[in-house]
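The values are calculated or read from the model by the stated rules, or taken from the named source; none is laboratory data. Note that the structure is predicted; figures quoted are calculated from it, not measured. So basically every Cβ, Gly included, is an ideal-geometry build from the backbone, and we count neighbours across all protein chains shown.
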Amino acid sequence: MGTVILRPGHVQPVHAGHPWVYAQAVARVDGAPGAGDPVRVLDPHGNYLGSGFWSPKSAIPVRIVTRAPEERLDEAAILRRIERGANFRRAALDLPSSATDGYRLINAEGDDLPGLVVDVYGSVAVAQFRTAGMKRREEIIAAEIRRVSGAQTVIAAAAKVPAEGLADEERVLRGDPPDALIFRERGLEWRIPRSVTQKTGYYFDQRDNRASLEKWASGRVLDVYSFVGGMGLAAARGRADEVTCIDSSALAIATGAAVAEHNGLAAKVRFEKFDAKRRLPELVARGDRYDVVVLDPPKLAPTRKHFDSARRAYVQLNRLGAQLVARGGLLVTCSCSAAMRPSDFVRAVNEGVRAARRDAILVALGGQAPDHATPLAFSEGRYLKTLFLRVE
């Protein structure tokens with residue numbers, strides 16, 4: 001096993017529990033580890049900090065898998081973590097259940113398996129392998145995913161990561177390739193064609209926030225950046241009278257409409273193909289008002305260098321959203337950008353609301369569902385922020 005020795009002044013984050021070792025923190029590498037080989041991480045005095053898999057061309061050459069010096073970082077260690085992740089979902093979250101068989105089985109750093117994300121969609125599991133260490137072991141990982149989840153098909157989703165030597169291609173590792181992902185979430189039945197899916201396929205991280213919206217929504221609802229309508233359909237199953245879902249993807253709109261029809265919600269929900277940046281100003285100019293407005297844009301700040309432009313975009317988006325909320329209504333606004341910290345997002349939203357000459361009361365602050373757990377010291381893993389605001 002190779003050994004990675006850190007520079008003085010770069011030890012504290014790793015010692016405190018952060019799982020990433022950045023390239024600039026590495027003083028030297030003893031041995032000749034290849035991409036995906038296990039390595040030990042030591043501080044400048046030779047004290048053990050953890051072990052992970054080596055990614056020599058990455059800006060994050062080591063992601064810590066274990067902090068137990070006696071644990072061998074072999075295939076058995078990976079299998080133990082997959083089984084532990086499955087046991088946690090079954091025992092603590094009651095997943096899968098008769099109401100929900102779509103969920104996150106493995107959440108990378110949150111399950112001590114950095115570089116591996118696995119979502120289960122009923123009889124299909126979709127995995128993303130984003131590091132050389134996980135990719136090299138995809139066959140034994142696929143077999144274990146199938147065993148612990150009961151999925152008949154295991155797919156390796158496309159994941160283009162040049163620094164890890166990973167090409168942007170999708171492969172079926174076990175079973176037959178499905179035409180669609182078919183699953184249940186909180187009793188709603190979903191069928192999403194593979195041509196529509198993003199990342200592993202769907203956004204299970206918003207599950208609890210969809211449940212909150214279903215409980216609180218009423219009257220007229222506008223769901224902006226709706227994708228296949230997860231938020232909108234939750235509102236429609238609640239007390240909403242009518243729901244309008246807006247997305248720029250014709251395929252996503254068609255899929256959402258079909259799901260609404262299948263679940264008996266088509267009479268309440270209308271899907272419209274629009275670019276939100278153009279549509280929202282039109283609705284404001286027209287004087288439209290809604291009892292609930294949901295804003296769930298794609299990632300606007302993938303890294304800190306995008307922070308300033310993303311902040312301006314969040315301010316503008318929430319200004320328009322606040323203008324469309326009827327007095328006393330609900331604004332549900334989201335950010336999935338890890339580089340946008342919760343306090344930064346709250347300030348941007350407040351600035352947007354104030355620019356609309358409205359006042360907002362924070363009703364609830366939501367995050368990702370518990371099957372997306374993350375290490376306490378790993379703030380980058382807590383990417384999802386969802387604010388439920390009463391607008392006056």
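Things worth noting here:
- Residues of segment 10-44 that turn out to be exposed (fewer than 13 other Cβ atoms within 10 Å of the Cβ), free of Cβ contacts under 8 Å to residues at least 60 places away in the same chain and within 32 Å of the chain's Cα centre (by Cα), as a count: 3
- Arg80 being within 28 Å of the chain's Cα centre (by Cα), assigned by TED's automatic domain parsing to the domain that holds Glu144 and touching a residue at least 24 places away in the same chain (Cβ under 8 Å): no
- Cβ pairs under 6 Å, 6+ apart, first in segment 263-291 and of a type in the set (Val, Ile, Thr), second assigned to a strand (DSSP E or B): Val269/Val243
- Among the residues of this structure, Ala322 counts as one that is under 16 Å from Phe345 (Cβ atoms), crowded, with 20+ Cβ neighbours inside 10 Å and more than 25 Å from the chain's Cα centre (by Cα).
- Options Lys385, Lys299: the member that is surrounded by 21 or more Cβ atoms within 10 Å (Cβ to Cβ) and of a type in the set (Lys, Arg): Lys385
- Within segment 35-49, the residues that satisfy the criterion of being touching a strand residue (DSSP E or B) at 6+ places or on another chain (Cβ under 7 Å) and in a loop (DSSP other than H, G, I, E, B) are Ala35, Gly36, Asp37, Asp43, Pro44.
- When Lys305, Lys299 are screened for being touching a residue at least 24 places away in the same chain (Cβ under 8 Å) and within 30 Å of Ile106 (Cβ to Cβ), only Lys299 passes.
- Any hit, segment 371-387, residues being touching a His at 6+ places or on another chain (Cβ under 8 Å), assigned by TED's automatic domain parsing to the domain that holds Ala310 and either aromatic (Phe, Trp, Tyr) or within 23 Å of Leu320 (Cα to Cα) (or both): yes
- Inside segment 148-182, residues that are more than 19 Å from the chain's Cα centre (by Cα) and among the basic types (Lys, Arg) make up a count of 2.
- The helices (runs of 4 or more DSSP H) falling completely within segment 255-356 that include 2 or more residues that are modelled with pLDDT of 95 or more and under 17 Å from Gly232 (Cβ atoms) map to 276-286, 307-324.
- Matching strands (runs of 3 or more DSSP E) fully within segment 141-227 where at least 1 residues are out of contact with any strand residue (DSSP E or B) (no Cβ under 9 Å at 6 or more places or on another chain): 188-193
Let's see how each residue does on (1) outside the structural domain of Leu317 (by TED's automatic domain parsing); (2) under 25 Å from Tyr121 (Cα atoms):
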position: Arg191; (1), (2): yes, yes
position: Ala217; (1), (2): no, no
position: Ala235; (1), (2): no, yes
position: Asn263; (1), (2): no, yes
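- Residues of segment 357-374 that are buried (at least 17 other Cβ atoms within 10 Å of the Cβ) and either outside any loop (DSSP other than H, G, I, E, B) or within 16 Å of the chain's Cα centre (by Cα) (or both): Ala360, Gly366, Gly367, Gln368, Ala369, Pro370, Asp371, His372, Ala373, Thr374.
- Identity of the residue in segment 78-129, under 25 Å from Glu380 (Cβ atoms) and among the β-branched types (Val, Ile, Thr), that ends up surrounded by the fewest Cβ atoms within 10 Å (Cβ to Cβ): Ile78
- Leu320 being within 14 Å of Val292 (Cα to Cα), among the hydrophobic types (A, V, I, L, M, F, W, C) and assigned by TED's automatic domain parsing to the domain that holds Ile246: yes
- Evaluation of Lys160 against (1) surrounded by fewer than 20 Cβ atoms within 10 Å (Cβ to Cβ); (2) touching a residue at least 40 places away in the same chain (Cβ under 8 Å); (3) of a type outside the set (S, T, N, Q) (one fails), failing number: (2)
- Ala59 being at pLDDT 95 or above, outside the structural domain of Arg207 (by TED's automatic domain parsing) and assigned to a loop (DSSP other than H, G, I, E, B): yes
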